[in-house]
1. Taking region 87-105, which residues are more than 15 Å from Asn182 (Cβ to Cβ) and open to solvent by 50 Å² or more (accessible area, probe 1.4 Å)?
2. Among the listed residues Thr181, Thr210, which satisfies the condition of being modelled with pLDDT of 90 or more and of a type in the set (S, T, N, Q)?
3. Output the qualifying pairs, or none if there are none: Cβ atoms under 6 angstrom, residues six or more apart or on different chains, first residue in region 32-46 and among the aromatic types (Phe, Trp, Tyr), second residue modelled with pLDDT of 95 or more and surrounded by 13 or more Cβ atoms within 10 Å (Cβ to Cβ).
4. Name the pairs whose Cβ atoms lie under 6 Å apart, with the first residue in region 63-77 and touching a residue at least 12 places away in the same chain (Cβ under 8 Å) and within 11 Å of Arg143 (Cα to Cα), the second among the polar types (S, T, N, Q) and in a helix (DSSP H, G or I), and 6 or more positions between them or separate chains?
5. Hey, can you tell me all the residues within region 42-54 that are part of a helix (DSSP H, G or I) and open to solvent by 30 Å² or more (accessible area, probe 1.4 Å)?
6. Only one residue in Val121, Val59, Val139 is in contact (Cβ under 8 Å) with a residue 24 or more places away in the chain and under 22 Å from Trp187 (Cβ atoms), so which one is that?
7. Only one of Arg67, Arg106 is assigned to a helix (DSSP H, G or I) and touching a Gly at 6+ places or on another chain (Cβ under 9 Å). Can you tell me which?
8. Given the conditions (1) acidic (Asp, Glu); (2) touching a residue at least 24 places away in the same chain (Cβ under 8 Å); (3) open to solvent by 10 Å² or more (accessible area, probe 1.4 Å); (4) under 24 Å from Cys49 (Cα atoms), which single one is not true for Glu149?
Amino acid sequence: MPRDSKSDARANSQAGTERSRPLLHQHAREIQPYGKIAKLSIALDESVCAESAENLNQVLADTITLRDLYKKHHWQVAGHTFYQLHLLFDKHYEEQNELVDSIAERIQSLGAISLAMAADVAETTIIPRPPRGREEVPVQISRLLEAHEMVLKEARTMAKQATDSGDDGTNDLLVSDIIRTNELQVWFISEHLVDVPVVRADAPASEKETPKSRSAGAR
């Protein structure tokens, strides 16, 4: 039976391309489950790596949440301080994003698996979820300060644990990067909640006497 010329042409056009075609819809078991350590030659006991990784994954979840809180406020900030806060919030977002990478890489270097997906982060973070809608600037900043304090509290505790365990690398990350960055950002945004005069200085009480009272005192 003669072969269909169209089939021959199709076969010839596909010949030699089998190895270059994408292999789609592949599924397999995980090569490393979350929470398990693939021991690396970093001169730390597996139990130390596991403890540090668990702590860092908590900090990672909270740092991702704080980072995204800055982006939310960057988009939604309103009012006469819009421009400076719009820029400041985005600057802090980028700095927190750098911390996210550093934390995740430290977790992986300990032989563990870092959190990555939004659903897993949402289940892990201790930072309260904000509403979807826009809030006033003082509320936005208050949320950020509360989130910073949560991260700083856990980072200080975990830094001490890392030191006691001999995990100097994790301690250095927590102190040199996470604590110092968060402390600096707290200072920058806290100053926006100080209630000071914008145009006219608030004179001391002694200088607020009326001309009449001053003339009466002179007599």
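1. Across region 87-105, the qualifying residues are Leu87, Asp101, Glu105.
2. Numbers: Thr210 fails: modelled with pLDDT of 90 or more.
The conditions single out Thr181.
3. Note: pairs meeting the criteria are Tyr34/Ile113.
4. Pairs that qualify, where the first residue is touching a residue at least 12 places away in the same chain (Cβ under 8 Å) and within 11 Å of Arg143 (Cα to Cα) and the partner is among the polar types (S, T, N, Q) and in a helix (DSSP H, G or I), are Leu66/Gln96; His73/Gln140.
5. If we filter region 42-54 for residues that are part of a helix (DSSP H, G or I), which is where we start, we get 46-54.
Within region 42-54, Glu46, Ser47, Ala50, Glu51, Glu54 meet the criteria.
6. Numbers: Val121 fails: under 22 Å from Trp187 (Cβ atoms); Val139 fails: in contact (Cβ under 8 Å) with a residue 24 or more places away in the chain.
Testing whether each residue is in contact (Cβ under 8 Å) with a residue 24 or more places away in the chain and under 22 Å from Trp187 (Cβ atoms) leaves just Val59.
7. After applying the criteria, what remains is Arg106.
8. Here Glu149 meets the rest and fails (4).
The values are calculated or read from the model by the stated rules, or taken from the named source; none is laboratory data. None of the values given here were measured: they were computed from a predicted structure. Neighbour counts are summed over all protein chains in view; Cβ atoms, including those assigned to glycine, are modelled from backbone coordinates with ideal geometry. Heads up: the accessible areas ignore ligands, DNA and RNA and are worked out on the full protein's heavy atoms, side chains in. Shrake-Rupley method; radii C 1.70, N 1.55, O 1.52, S 1.80 Å.
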